[in-house]
Amino acid sequence: MKTVILAGGFGTRISEESYLRPKPMIEVGGAPILWHILKYYSHFGINDFVICCGYMGYAIKEYFADYYLHHSDITFDFTNGGSMTVHNNVAEPWRVTVVDTGLSTQTGGRIRRIRKFVEGERFLLTYGDGVSDIDLPKLLDTHEKSGKAVTLSAIQPGGRFGVLDINDRDGTITGFHEKAKESGGWINAGFMVMEAEVFGYLDGDSTILEREPLQRLSSDGKLGVYKHYGFWHCLDTARDKGALEALWTNGDAPWKVWDEE
């Protein structure tokens, strides 16, 4: 089974980083968040990836082309004709297909463009900027039992801002508290499972997956959900990067389920 990763957006909300590299290549703990995502799926035995590139896609291609340079100790011997010796060559069990899906193509259009790489197969889909401790086997089991064309994972993100307790009678603030997850609505967290049938809902490059295609699938009774009550976080802003970096540095990253090399 393949995992398709949407990694072609401009990352405008974290432009202080994305003007240098595509958002999936922004680092957390010294490695691109894209690497964290691949490591997570690989932990569950899913090692075949199709990455949908767009903005600065060459940076993603170059990263994988020189993967061992990023993750191995190397001796450059300029006294011996510039020879190079790779020590402790790190090998991953991955097969990574990097596809240029267009600079301004929308999410649905990007998926449509990689159809030939997943033709006739069930596949997983996620975004190239989000990490989670979602139980992938349970997600797949939920999808299998539902018989739906698409199953998406949903989370309750809670409030990003504190909530004020206000006494309307005299206009005073009586307290502060964080908005609980349970008091908010469910949102799409990505981490989807899709059948090949989904391509019948994708029309062209301007198709936004999260709008008409998912709405039509819902109307047709073909869109299922897996509710995730654990950790989920996307790298959308500098604040998000700081939060993820702190979790990783402190050894508290819930998405790090793989063993050290």
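Would you mind telling me which numbered condition in (1) touching a Pro at 6+ places or on another chain (Cβ under 7 Å); (2) in a helix (DSSP H, G or I) residue 207 fails?
(2) is the only condition that residue 207 fails.
Just checking, how many residues over region 211-246 are within 18 Å of residue 24 (Cβ to Cβ) and either among the hydroxyl-bearing types (Ser, Thr, Tyr) or in contact with a strand residue (DSSP E or B) (Cβ under 8 Å, 6 or more places away or on another chain) (or both)?
Final tally of qualifying residues: 10.
Spot the failing condition for residue 239; the list is (1) at pLDDT below 95; (2) under 22 Å from the mean Cα position of the chain (by Cα); (3) of a type outside the set (A, V, I, L, M, F, W, C); (4) surrounded by 13 or more Cβ atoms within 10 Å (Cβ to Cβ), and only one is missed.
Failed condition: (4).
Can you confirm whether region 71-86 contains a residue that is part of a helix (DSSP H, G or I) and of a type outside the set (Ser, Thr, Tyr)?
Looking for residues that are part of a helix (DSSP H, G or I) and of a type outside the set (Ser, Thr, Tyr), one finds at least one in region 71-86, hence yes.
Of everything in region 131-149, what is buried (at least 21 other Cβ atoms within 10 Å of the Cβ) and either under 13 Å from the mean Cα position of the chain (by Cα) or under 29 Å from residue 56 (Cα atoms) (or both)? Give them in sequence order.
Those that are buried (at least 21 other Cβ atoms within 10 Å of the Cβ) and either under 13 Å from the mean Cα position of the chain (by Cα) or under 29 Å from residue 56 (Cα atoms) (or both): 131, 132, 134.
Yes or no, residue by residue, for (1) loosely packed, with under 14 Cβ neighbours inside 10 Å; (2) modelled with pLDDT of 90 or more; (3) within 21 Å of the chain's Cα centre (by Cα); (4) at positive phi:
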residue: 180; (1), (2), (3), (4): yes, no, no, no
residue: 198; (1), (2), (3), (4): no, yes, yes, no
residue: 207; (1), (2), (3), (4): no, yes, yes, no
residue: 217; (1), (2), (3), (4): no, yes, no, no
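Pick out the one residue from 150, 163, 193 that is farther than 30 Å from residue 46 by Cβ, touching a Lys or Arg at 6+ places or on another chain (Cβ under 8 Å) and either aliphatic (A, V, I, L, M) or at pLDDT 95 or above (or both).
163
Check whether at least one residue in region 96-115 is in a loop (DSSP other than H, G, I, E, B), modelled with pLDDT of 95 or more, crowded, with 21+ Cβ neighbours inside 10 Å and of a type in the set (Gly, Ala, Ser), and report yes or no.
Among the residues of region 96-115, not one is in a loop (DSSP other than H, G, I, E, B), modelled with pLDDT of 95 or more, crowded, with 21+ Cβ neighbours inside 10 Å and of a type in the set (Gly, Ala, Ser), which makes the answer no.
Counting only residues that are under 20 Å from residue 105 (Cα atoms), in contact with a helix residue (DSSP H, G or I) (Cβ under 7 Å, 6 or more places away or on another chain) and surrounded by fewer than 21 Cβ atoms within 10 Å (Cβ to Cβ), how many does region 19-38 have?
Summing the residues that are under 20 Å from residue 105 (Cα atoms), in contact with a helix residue (DSSP H, G or I) (Cβ under 7 Å, 6 or more places away or on another chain) and surrounded by fewer than 21 Cβ atoms within 10 Å (Cβ to Cβ) in region 19-38 gives 1.
Which ones in region 132-158 are assigned to a loop (DSSP other than H, G, I, E, B) and acidic (Asp, Glu)?
Answer for region 132-158, where residues must be assigned to a loop (DSSP other than H, G, I, E, B) and acidic (Asp, Glu): 133, 135.
The values are calculated or read from the model by the stated rules, or taken from the named source; none is laboratory data. Because the structure is predicted, anything quoted here is derived from the model rather than measured. So basically every Cβ, Gly included, is an ideal-geometry build from the backbone, and we count neighbours across all protein chains shown.
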